[in-house]
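Readers should treat all values here as calculations from the given coordinates under stated rules, not as data from a laboratory. Only a predicted model underlies this, so the values are computations on that prediction, with no experimental measurement involved. Cβ coordinates were reconstructed from backbone atoms using ideal geometry, including for glycine residues, and neighbour counts include every protein chain displayed.
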Amino acid sequence: MTRDIVRKARLSGERTEDIESLLSSMEADKFIASSDVLVDMAHLVMLTRQQIVHEDHAKTLMKELLTMHESGVPPDAFDPSYEDIHAGIETVLTKKTGGDAGGRLHIGRSRNDEVAACLRMRTRDIIIDQLEAVCRLRSVLLSVAEGHVTTVMPGFTHLQHAQPVTLAHHLLAYEQIFSRDYDRLFDALHRVNCSPLGSAALASTGYPLDRMYTARILGFDRILVNSMDSVASRDFAEEILACDTMLLTHISRLCEELIIWSSSFVQFVVLDDRYCSTSSIMPQKKNPDVAEILRSRAGTVLGAFVSAITIVKGLAMAYNRDLQDLNPHLWRGISNVRRDVDLLAGMIETAEFNRERMEEEAGKGGTTTTELADTLVREFDIPFRTAHHIVGRAVRDGLLDLATLDKAAEEFHGKSLSSLGVTQEKIESALSVETSLSVRRLPGGPAPEAVRSALDNCRKELKKDVEQVSNKKLNISASLDELLTQARRIAQL
Ligand code: ARG
């Protein structure tokens, strides 16, 4: 005789282990077991308020649910012979309370709206953790940047020396990227935190359920208004996987730089030993393994995203069991992202940036030649393209002195620079790293004053974001406190 409470009347015969293991979502349901208890409690509080379930039955059931909430879902509920944790918990509850009470919990609902509610609650909590971590990372980037507003270094394009920037400017570029990742995650939260409860299997139910109430005490922002959409859609999962893929892609770029920067070729940074490994054979090695694995994580999360979205593709309305197979990919994709972000923050916070090496490279590779061309334009009225040709030819000839530039100017401009009043001192000052940086003081530029003002703005934005996520968290926990108060009241009636 099957143990599964859902199956036993309608279907006969035992299922083979292979069938059970294919069908059971128990492994992935470990992520939602505790949310399922909260969803059960909220549903029961609402059924009682609506006088759909009598207080005596509610009391018996609620006591068991509170025990599960406080001591954890018992191991029996996870028996893989149950199709899922919903069947497992209902079976355990029914065993404890008898069918008269236990058999009433599932009034007016289906596992379809139940699982969607659980997935959304757990995903919401994970997003909130990620949002907090992204704020911590941004704060670290801002603090490190603060100490390096005048640490000059080459900026690169095509990984070739391009123009001088500062380490602060470079780090602020990442801070901006991560602040957009924050925005995307927070925006996704808005679409995740919606209640499907009351949608039942697909066509809602004839019982007078109070959808708004269950939504509110579970901390959801709103209900999903269409009962078929509620149970059939997983775009909330696809969206967070997409957001996390982007976030990890950004992490991978920064890690790639830390890896290059910590190489003996470059030596811009020394990573703290705790983030590095050594070799089993080469005694000298200090490898940036944490940065490497963090760089690879985008691949894992993208894989989860592709799996999830491909599973949903082509599914007819409404619920299909395929949707269950998406859940392991969701958890695989999103559950370690908070850790990854925190590790990156720690790695940057403890890294030692090598100012001398950065300064040494800042003016190399012709990084200031753009400013020399710009000086010829600004002060000597030469068209930019001509100035670019003059300086470019001098670079090709291997010398940026007045004689070489004069020769190039005669070829491209028909007269020497000296004849226009350009002096060797003028050339040297235009080619200095300090000049190149200090004139780039537009908003968003690398000049120290522009970077200081960018830092101020970033700090203000970060403060707002930190408050926003903390308010969201407080609202959710206030709702869940209210749920527990109501649940305890029913248990003590
Ligand atoms: N374990 C299922 C899932 O994760 C729950 C819903 C099952 N519904 C059904 N009709 N079989 O999707």
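How high is the FRET efficiency from E17 to Q492, r the C-beta distance, R0 45 Å, rounded to 0.05?
Taking R0 as 45 Å, the efficiency between E17 and Q492 is 0.55.
As a test of the definition: which semi-axes, in Å, follow for segment 299-445 when you take the square root of five times each eigenvalue of its alpha carbon gyration tensor? Largest first, please.
Over the Cα atoms of segment 299-445, the semi-axes work out to 57, 22, 13 Å.
As an exercise, use a Förster radius of 51 Å and the Cβ-Cβ distance of K96 and V266 to find the FRET efficiency, rounded to the nearest 0.05.
0.20
Using the alpha-carbon centroid of each, what span in Å lies between segment 101-145 and segment 10-41?
Cα centres, segment 101-145 to segment 10-41: 20 Å.
How large is the helix-only mean residue ellipticity at 222 nm for the chain, computed as the sum of -39500 (n - 2.57) over DSSP H runs with n ≥ 4, divided by its residue count, in deg cm²/dmol to the nearest 500?
Helix-only estimate at 222 nm: -21500 deg cm²/dmol.
Scan around V165 for amide H atoms under 5 Å from its own, H built in the peptide plane at 1.01 Å from N, and keep only partners 5 or more places away or cross-chain.
Close amide H contacts, sequence-distant or interchain: M153, G155.
For E349 paired with D235, estimate the spin-label separation in nm (one decimal), with each label point 7 Å from Cα along the Cα-to-Cβ line.
3.8 nm
Say each of E410 and T205 gets a label point 7 Å from the Cα, pointing the same way as Cα to Cβ; how far apart are those two points in nm?
So the label points at E410 and T205 sit 9.4 nm apart.
Quick check: the distance between the Cα centres of segment 172-206 and segment 362-417, to the nearest angstrom?
Comparing the Cα centres of segment 172-206 and segment 362-417, I get a distance of 54 Å.
Please give the contour-minus-distance gain from S470 to L420: 0.36 nm per residue of separation, less the Cα-Cα distance, rounded to one decimal in nm.
The span from S470 to L420 would gain 11.8 nm if fully extended.
Compute the Rg to Rh ratio over segment 1-97 from the alpha carbon atoms, using the Kirkwood formula for Rh, and round to two decimal places.
For segment 1-97, the value is 1.01.
Contour minus end-to-end for L399 and R7, with contour as 0.36 nm per residue of separation and end-to-end as the Cα-Cα distance?
132.7 nm
Across segment 398-415, in residue order, what do the Karplus-derived ³J(HN,Hα) couplings come to in whole Hz, using 6.51 cos²θ - 1.76 cosθ + 1.60 with θ = phi - 60° and x for Gly and Pro?
Going residue by residue, I get x, 9, 10, 9, 4, 4, 5, 5, 4, 4, 5, 5, 4, 5, 9, 10, x, 8 Hz, with x marking Gly and Pro.
Roughly how many whole Å is it from the C-alpha centroid of segment 272-322 to that of segment 66-81?
31 Å
Need one number: nm distance between label points at I281 and M212, each 7 Å from Cα along Cα→Cβ, rounded to one decimal.
7.1 nm
In segment 316-367, which trypsin sites (Lys or Arg not before Pro) fall in coil by DSSP and have 12 or fewer other Cβ atoms within 10 Å?
R321
Between the helical axis of 337-350 and the dominant principal axis of the chain, each derived from Cα atoms, what acute angle in degrees is found, rounded to the nearest 10?
30 degrees
Highest mean first, what order results for 271-283, 301-313, 30-42 on Cβ atoms within 10 Å?
30-42, 301-313, 271-283
Restricting to bridges with both residues inside the chain, how much of the DSSP beta-bridge set is antiparallel, in percent to the nearest 5?
Bridges in the chain are about 80 percent antiparallel.
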